[in-house]
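Following: one structure in structure tokens, then a few remarks.
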Amino acid sequence: MVDYTIYDVIEMKKSHPCETRSKLFQIVRLGADIKIKCLGCGRILMIDRAEFNDKIKKVISHNEGPVPIAGQK
Ligand SMILES: [Zn+2]
């Protein structure tokens, strides 16, 4: 099982079905449900913890706060 915490940038097993096809997401909320932000398009997805644990591949880096998305309005 992958050890992760709030604001970690993580890689998922599957890419986000958006135009950037990013596999990198940042954890922006940890609770019963987990919110992750796609670092390609900036959209936030809510996913339940069991499903998240199944879909996370690895932690890339830890950050002190949200990572801004390049080009996001
Ligand atoms: Zn995306």
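For the reader, a short list of remarks on this structure follows.
- On the stretch given as region 16-27, residues that are surrounded by fewer than 19 Cβ atoms within 10 Å (Cβ to Cβ) and over 13 Å from Ile69 (Cα atoms) total 5.
- Qualifying residue in region 1-15 (condition: within 11 Å of the ligand (Cβ to nearest atom) and out of contact with any helix residue (DSSP H, G or I) (no Cβ under 8 Å at 6 or more places or on another chain)): yes
- Flag for Thr5 being among the polar types (S, T, N, Q) and either touching a His at 6+ places or on another chain (Cβ under 8 Å) or assigned to a strand (DSSP E or B) (or both): yes
- Among the criteria (1) assigned to a loop (DSSP other than H, G, I, E, B); (2) under 9 Å from the mean Cα position of the chain (by Cα), the one Ile10 does not fulfil is (1).
- Those residues of region 45-73 which are of a type in the set (A, V, I, L, M, F, W, C), touching a residue at least 40 places away in the same chain (Cβ under 8 Å) and in a strand (DSSP E or B), in sequence order: Ile56, Val59, Ile60
- All positions within region 26-44 that are more than 9 Å from the ligand (Cβ to nearest atom) and in a loop (DSSP other than H, G, I, E, B): Gly31, Ala32
Residues checked against (1) charged (D, E, K, R); (2) surrounded by 13 or more Cβ atoms within 10 Å (Cβ to Cβ); (3) over 10 Å from the mean Cα position of the chain (by Cα):
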residue	(1), (2), (3)
Lys14	yes, no, yes
Ala32	no, no, yes
Ile36	no, yes, no
Cys41	no, yes, yes
Glu51	yes, no, yes
Lys57	yes, no, yes
Ile60	no, yes, yes
Pro68	no, no, yes
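- Taken together, Glu11, Glu64 contain a single residue that is among the acidic types (Asp, Glu) and modelled with pLDDT of 95 or more, which is Glu11.
The values are calculated or read from the model by the stated rules, or taken from the named source; none is laboratory data. Because the structure is a prediction, the values reported are computed rather than measured. For neighbour counting, all protein chains shown are included, and Cβ atoms are generated from backbone atoms with ideal geometry for every residue, glycine included.
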